[in-house]
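Peer 1: Take this structure, written in structure tokens, and hold onto it; I'll ask about it next.
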Amino acid sequence: MGIFAKKETESLTAKAIIQIIGKPKDHVEKAMEIVLENLKKDKSWTVTSTKIAEAEQEDNYFITFSDVELKCKTFGDLLSFCFEYLPSSVEIIEPHDFSLGSARMNGWINDFLGRLHESDMVAKRIRADNEVLQQNTTQIFRNFLKLALKDGEKTHKQLSAITGLPEEDIDKFLAQFVGEGLAEKTEKGYKLTT
């Protein structure tokens, strides 16, 4: 009989909300269209309806969401949908009652944990790569700063032109190097520490 309490029930119906945040606005809206196209192509479920909200600006980003209704043959398919599309919420509409054996539940839990561990490993790898990239970027900027200031003091405007950083961000980027004793802030801008 599977997980469904009534034998005549062959699928479950769920509503979900899928959100996308980013910028620019047209990219966010196009991304949602692509997500829904891919969702409809998958044979593990049938999408019965979708409704996309217009992207709205929130702080410096745009956010859109789509209400999706789909039918899945198994609860496992619904879990796969959740992992693949990361909806912000899911509501099972039908059936109202389930009959669930421990063997099947154990299988789902272990699949869930396997995917969770896989996601965790990806996140840790990205975090480690980001730390190395951050260290290398800092070292490159340190060397660049030494070259930029080797022939004397530079103003914020000059440092902005040399580094490509916005003038208003110069203090933020050079604060670390001032703290390390590599450079010092002057009335006009910055110079290497002697």
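Peer 1: Can you flag which of LYS150/LYS172; LYS23/LYS172; LYS25/LYS185; LYS30/LYS157; LYS23/LYS51; LYS23/LYS154 are past 28 Å Cα-Cα?
Peer 2: LYS25/LYS185; LYS30/LYS157; LYS23/LYS154
Peer 1: So I have (1) 178; (2) 167; (3) 119, and one of them is volume of the Cα convex hull per residue in Å³ calculated from this model. Which one is it?
Peer 2: Read-out taken from this structure: (2).
Peer 1: Straight distance only, please: which aspartates and glutamates reach the Cα of LYS191 with their own Cα at less than 12 Å, same-chain residues fewer than 8 apart left out?
Peer 2: Once the sequence-local aspartates and glutamates are set aside, what remains near LYS191 is ASP151, GLU153.
Peer 1: Using Cα pairs under 8 angstrom and six or more residues apart, how large is the relative contact order of segment 47-194, in percent?
Peer 2: On the way: 91 pairs, mean separation 19.4, N = 148.
Worked out over segment 47-194, it gives 13 percent.
Peer 1: Taking only DSSP H segments of four or more residues, each worth -39500 (n - 2.57), what value at 222 nm results for the chain once the sum is divided by all its residues, to the nearest 500 deg cm²/dmol? If you can, show how the numbers build up before the last one.
Peer 2: Working: 5 runs with 94 residues, N = 194.
Value at 222 nm, helices only: -16500 deg cm²/dmol.
No lab work stands behind these numbers, since they all come straight from the coordinates. Since we're looking at a predicted model, the values are computed, not measured.
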